[in-house]
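Each remark here refers to the structure printed beneath this line.
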Amino acid sequence: MEIRSDFLVIGSGIGGLSFALKAAKAGTVALITKRNIRESATYYAQGGIASVSSKEDSFDAHIKDTLDAGAGLCHRDMVELVVRNAPAKINELTQLGVKFSMKAAEGAGPELDLGKEGGHSKRRIVHAQDLTGKAVEEALVDNVRSHKNITVYENHIAVDLITHSKFVEATAQETVWGAYVLDKKTGEIHTFLARATIAATGGAGKVYLFTSNPDVATGDGIAMSYRAGATVANMEFIQFHPTCLYHSRAKSFLISEALRGEGGVLRLKDGTPFMKKYHPMADLAPRDIVARTIDLELKKSGDDCVYLDISHRDAGFIKERFPNIHEKCLEFGIDMTAAPIPVVPAAHYICGGVVTDSDGATTIRRLYAIGEAACTGLHGANRLASNSLLEALVLADRASIHAVDLVTKAPVEIPPIPPWETRGAVVSDEAVVISQNWDEIRRFMWNYVGIVRSDKRLERARRRINLLKHEINEYYWDFKVTGNLVELRNIATVAELIIRSATLRKESRGLHYNIDYPERDDVNFLKDTLLKIGA
Ligand code: SIN
């Protein structure tokens, strides 16, 4: 089947939904999403959205905190743009129906209740208790569902982008005309054609054995864009969140940094607090430092986890501010009002991604990337907490203006594109190959390309990924495409990009720490790591 629209949006998190709502004012939007529309990293975001919202705060302070966290690699123009646009975006979300947490202000009406997280010098995290992502996602979904110009395709996964040069002729700059998309329910691959395609597919936490991300985070947009010829950058900068719940039955549950913002203290098994020893900001030091410190303490002690303790705060306050975390912990027999929570670091956010300009445009014509799939230059070598939902909002807005202009001001015909060719592929009777390869990649990425790296570990990872890529590729052409196979292929591509980027950066900076080069080297590495297929 061929499905035509003005805009094809791949992904249903905050970036994809916001873009769709704005672009739909000017044209038709097809929005595809791998599972149900809500299933995205946005939905599970607890912390909130950083936005200067009080008299004590300033744009300059938010800009400085972002630049400090980014360890020299943030693009200052992008930081300024995103930070200065934050209050307007919070306003828009409120107009769309998001109910942020408020508090009574002295002598005035209620005002936003602002949280604090690591690396922030001021309280500036706008939140909806500890369920911010859910509140935002639900408001956006409600608006998208009722928009006549938007058609949502659930259980549809993009297999590959459709590039101009593959079917017409090579042009100076490659163009994308949509994507081949697998309907996971029927097994059919449809041709989705569009004049602008938006990769808003989120992150790639599933490359790692332990992650705070939902299962959908398989780096699809990054992998597809790279295969299509787009430049990707800074893939070595993987943010490990210091505090995921440690429990055999808790798959990927985050304990928000906001807990430390409200006085939570990290402790060893014997109750000793340890962060003060390592950083003047103690438990609210930037995330890379907290995660590495926990890793070090665990390696020293041989313990399985450390503990996050907020039990000294009033029980009523804890239940009101963190209802979601409180309830989840209780499910696992942990009463956080009375006892510390066992926690470990886990892969949380990828600062690298598809290179875009300040309009979300990639190096390929008619292809945009928004949110965690993109590398705009905002995060540099380490993302400041709660800057990511904000980035997605600002860039979705700008990309929509740019893409609407492109599509409406100079309309062009989409060239003839043939349907997907299966080339005699048969249904696989060895699905075990997929699960085996998934496991292998996630395990060696955790052990060799995790929080602390070395040349030897990176070389081991490189050899393994080359072998697996070969095997996955053969499998891909011989057997009928399934959702699991598409994701495995994408995970393998992203893992390879992370390993290559980490190997190229022979220094330690931000989220990339290599014991063979423990120092930052501004002479040789004060630059982004850029990768392009075939280059
Ligand atoms: C958290 O709530 O700790 C996560 C916030 C973020 O990753 O920005």
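The values are calculated or read from the model by the stated rules, or taken from the named source; none is laboratory data. Because the structure is a prediction, the values reported are computed rather than measured. Reconstructed Cβ throughout: ideal geometry from the backbone, glycine too, with neighbour counts over all protein chains shown. All accessible areas refer to the heavy atoms of the entire protein, side chains included, with ligands and DNA or RNA removed. Shrake-Rupley method; radii C 1.70, N 1.55, O 1.52, S 1.80 Å.
Residues considered: Ile451, Ile465. Of these, the only one that is touching a Pro at 6+ places or on another chain (Cβ under 9 Å) and within 30 Å of Thr293 (Cα to Cα) is Ile451.
Inspection of the range 76-88 finds no residue satisfying the criterion of being in a loop (DSSP other than H, G, I, E, B), open to solvent by less than 40 Å² (accessible area, probe 1.4 Å) and either in contact (Cβ under 8 Å) with a residue 60 or more places away in the chain or among the acidic types (Asp, Glu) (or both).
Here the range 264-277 is the region considered, the condition is being more than 15 Å from the ligand (Cβ to nearest atom) and part of a loop (DSSP other than H, G, I, E, B), and the residue that is most open to solvent (accessible area, probe 1.4 Å) is Lys269.
Filtered by the rule that a residue be surrounded by fewer than 24 Cβ atoms within 10 Å (Cβ to Cβ) and touching a residue at least 12 places away in the same chain (Cβ under 8 Å), the range 318-334 gives Ile318, Lys319, Glu320, Arg321, Pro323, Asn324, Lys328, Cys329, Phe332, Ile334. Listed conditions (1) closer than 17 Å to Ser256 by Cα; (2) among the basic types (Lys, Arg); (3) exposed (fewer than 15 other Cβ atoms within 10 Å of the Cβ) are all met by Lys299, apart from (1).
Please tell me if His348 is open to solvent by 20 Å² or more (accessible area, probe 1.4 Å) and within 16 Å of the ligand (Cβ to nearest atom). For His348, the condition - open to solvent by 20 Å² or more (accessible area, probe 1.4 Å) and within 16 Å of the ligand (Cβ to nearest atom) - is met.
Residues in the range 235-262 that are in contact with a Lys or Arg (Cβ under 9 Å, 6 or more places away or on another chain) and more than 15 Å from the ligand (Cβ to nearest atom): Met235, Glu236, Ala250.
Could you tell me whether any residue of the range 229-244 is under 24 Å from Asp6 (Cβ atoms) and over 15 Å from the mean Cα position of the chain (by Cα)? Scanning the range 229-244, I find at least one residue that is under 24 Å from Asp6 (Cβ atoms) and over 15 Å from the mean Cα position of the chain (by Cα), so the answer is yes. Pairing residues of the range 335-364 that are part of a strand (DSSP E or B) with residues that are within 14 Å of the ligand (Cβ to nearest atom) and of a type in the set (Phe, Trp, Tyr), at Cβ distances under 7 Å and at least 6 apart in sequence or on separate chains, gives Pro345/Phe240; Ala346/Phe240; Ala347/Phe240; His348/Phe240. Within the range 32-59, the only residue that satisfies the criterion of being out of contact with any Phe, Trp or Tyr (no Cβ under 6 Å at 6 or more places or on another chain), farther than 16 Å from Gly133 by Cα and outside any loop (DSSP other than H, G, I, E, B) is Phe59. Sub-6 Å Cβ pairs linking a first residue in the range 104-116 that is without any contact (Cβ under 8 Å) to a residue 60 or more places away in the chain to a second residue that is open to solvent by 50 Å² or more (accessible area, probe 1.4 Å) and among the basic types (Lys, Arg), at least 6 apart or interchain, are Asp113/Lys103, ordered by first then second residue.
When the residues of the range 59-70 are narrowed to those that are surrounded by fewer than 21 Cβ atoms within 10 Å (Cβ to Cβ) and touching a residue at least 24 places away in the same chain (Cβ under 8 Å), which ends up farthest from Leu390 (Cα to Cα)? Only one residue tops the list, namely Asp68.
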